[in-house]
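Student: This structure is in structure tokens; I'll ask about it shortly.
The values are calculated or read from the model by the stated rules, or taken from the named source; none is laboratory data. Please read these numbers as outputs of a predicted model, since none were measured by experiment. For neighbour counting, all protein chains shown are included, and Cβ atoms are generated from backbone atoms with ideal geometry for every residue, glycine included.
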Amino acid sequence: MSAQHPFELMASDSKLIRGDRSIGNGRQILFITGFLSKRWGNKSKALAQWSQEEGWGFCCYDVRGFGDSEGQFTDYTLSDWIADARTVLTMLTDNDHLTRLPQASSHPPAPSLQSQAPFPGDAPPPRVTIVGNSLGSWIAWLVAQEFPIVEELILVAPAFNMMGERAKTISKERLHDWHTAGWMPWDDDPVHRDWLLSWKWVEESETYWAKTFDNLRPVKTAILHGEQDTVIAPEGSKRFANELFRRNPSFPLALQLIPGDHRLSNSEHLELFRRLVMREV
């Protein structure tokens, strides 16, 4: 697998966003993780492998407050994670924003990090395909409207208005406690219960959702969503597509609802995912 070069980017609060990037030609795949997910998982590893085979660049990162990036989780909300994506896209646009290439640090198994060769400073900005997963898909959509280098989006189980929708589905008692206490985990599952979310997440989610279709840029977009997804219901992707086509009937969007859950991680799902990335469907 092609060498991945670790990078650090300084955010506006002086905390470091950490990620990995490989050199490639022509096309750059940027992966944006889902909620409470680190940058290296099955999908990102597959993307890195496919990128190496095709000679493309690849990039993934951890949001501030999670994974290898700096900061406390409770200090950040949706707007901060959107800002992190903007910072990474700015790096891809202009390599002068790359602060340094440190020696690789310890983190979960990932493609090789041993090579520390610098990136060419005079290379033209790449054509970027953003692959978003869950909440990362909505973030991908929002930033793609701002950055001309983004030519394509692949959104897997997109969590549009994630926290706003969550606030509509929980009990009135839990909603009241969240609003009055100001903090609440997503749910009581062991994966989530120790990660408290401020009520600001809900407010920001609703605000960004209201702006989701403003100033549309016709970025080629594919949505892949499992019909049995109980984490992020596929109806959200249907509503998104319907509203988008209502506003722009010719928008280049393809929505695929397929058998599967939120993870879409079995061999058939990964093959369809590969074909989307390779532009074979």
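Student: If we scan segment 188-197, do we find a residue that is modelled with pLDDT of 85 or more, assigned to a loop (DSSP other than H, G, I, E, B), at negative phi and out of contact with any helix residue (DSSP H, G or I) (no Cβ under 8 Å at 6 or more places or on another chain)?
Tutor: No, there is no match, as no residue in segment 188-197 is modelled with pLDDT of 85 or more, assigned to a loop (DSSP other than H, G, I, E, B), at negative phi and out of contact with any helix residue (DSSP H, G or I) (no Cβ under 8 Å at 6 or more places or on another chain).
Student: Could I ask something else about it? Please enumerate the residues belonging to segment 1-48 that are of a type in the set (Gly, Ala, Ser), crowded, with 20+ Cβ neighbours inside 10 Å and either part of a strand (DSSP E or B) or over 18 Å from the mean Cα position of the chain (by Cα) (or both). It would help to see each step written out before you state the result.
Tutor: In the first step, residues of segment 1-48 are kept if they are of a type in the set (Gly, Ala, Ser); the result is 2-3, 11-12, 14, 19, 22, 24, 26, 34, 37, 41, 44, 46, 48.
Cutting the leftovers down to crowded, with 20+ Cβ neighbours inside 10 Å gives us 19, 22, 34, 44, 48.
Scanning segment 1-48 gives 19, 22.
Student: Conditions first: (1) surrounded by fewer than 13 Cβ atoms within 10 Å (Cβ to Cβ); (2) not assigned by TED's automatic domain parsing to the domain that holds residue 252. Residue 197 passes all but one, so which condition is the exception?
Tutor: Going through the list (1) surrounded by fewer than 13 Cβ atoms within 10 Å (Cβ to Cβ); (2) not assigned by TED's automatic domain parsing to the domain that holds residue 252, residue 197 breaks only (1).
Student: Moving on. Take the residues of segment 124-158 that are assigned to a loop (DSSP other than H, G, I, E, B) and among the hydrophobic types (A, V, I, L, M, F, W, C): which is surrounded by the most Cβ atoms within 10 Å (Cβ to Cβ)? Write out each step before concluding.
Tutor: Filtering segment 124-158 down to residues assigned to a loop (DSSP other than H, G, I, E, B) leaves 124-126, 134, 145-149, 157-158.
Subset that is among the hydrophobic types (A, V, I, L, M, F, W, C): 147, 149, 157.
On the way: 147: 19, 149: 17, 157: 27.
The qualifying residue surrounded by the most Cβ atoms within 10 Å (Cβ to Cβ) is 157.
Student: Filter segment 225-241 down to the residues that are polar (S, T, N, Q) and part of a loop (DSSP other than H, G, I, E, B), then identify the one that is nearest to residue 34 (Cα to Cα).
Tutor: Just the residues of segment 225-241 that are polar (S, T, N, Q), to begin with: 228, 230, 237.
Pick out the ones that are also part of a loop (DSSP other than H, G, I, E, B) and you get 228, 230.
Numbers: 228: 18, 230: 15 Å.
Per the criteria, the residue is 230.
Student: Looking only at segment 213-266, how many residues end up being polar (S, T, N, Q) and either at pLDDT below 95 or within 18 Å of residue 163 (Cα to Cα) (or both)? It would help to see each step written out before you state the result.
Tutor: We begin by selecting, within segment 213-266, every residue polar (S, T, N, Q); these are 215, 221, 228, 230, 237, 242, 248, 250, 256, 265-266.
Pick out the ones that are also either at pLDDT below 95 or within 18 Å of residue 163 (Cα to Cα) (or both) and you get 215, 230, 237, 265-266.
Here the count works out to 5.
Student: Here's something else I'd like to know. Within segment 222-229, is there a residue that is buried (at least 19 other Cβ atoms within 10 Å of the Cβ), under 19 Å from the mean Cα position of the chain (by Cα) and under 24 Å from residue 175 (Cα atoms)? Step through it out loud before you land on a result.
Tutor: Initially, segment 222-229 is screened for residues buried (at least 19 other Cβ atoms within 10 Å of the Cβ), giving 222-226, 229.
After this cut, where a residue has to be under 19 Å from the mean Cα position of the chain (by Cα) as well, the list is 222-226, 229.
With the extra rule that they be under 24 Å from residue 175 (Cα atoms), the set shrinks to 229.
Yes, segment 222-229 contains at least one residue that is buried (at least 19 other Cβ atoms within 10 Å of the Cβ), under 19 Å from the mean Cα position of the chain (by Cα) and under 24 Å from residue 175 (Cα atoms).
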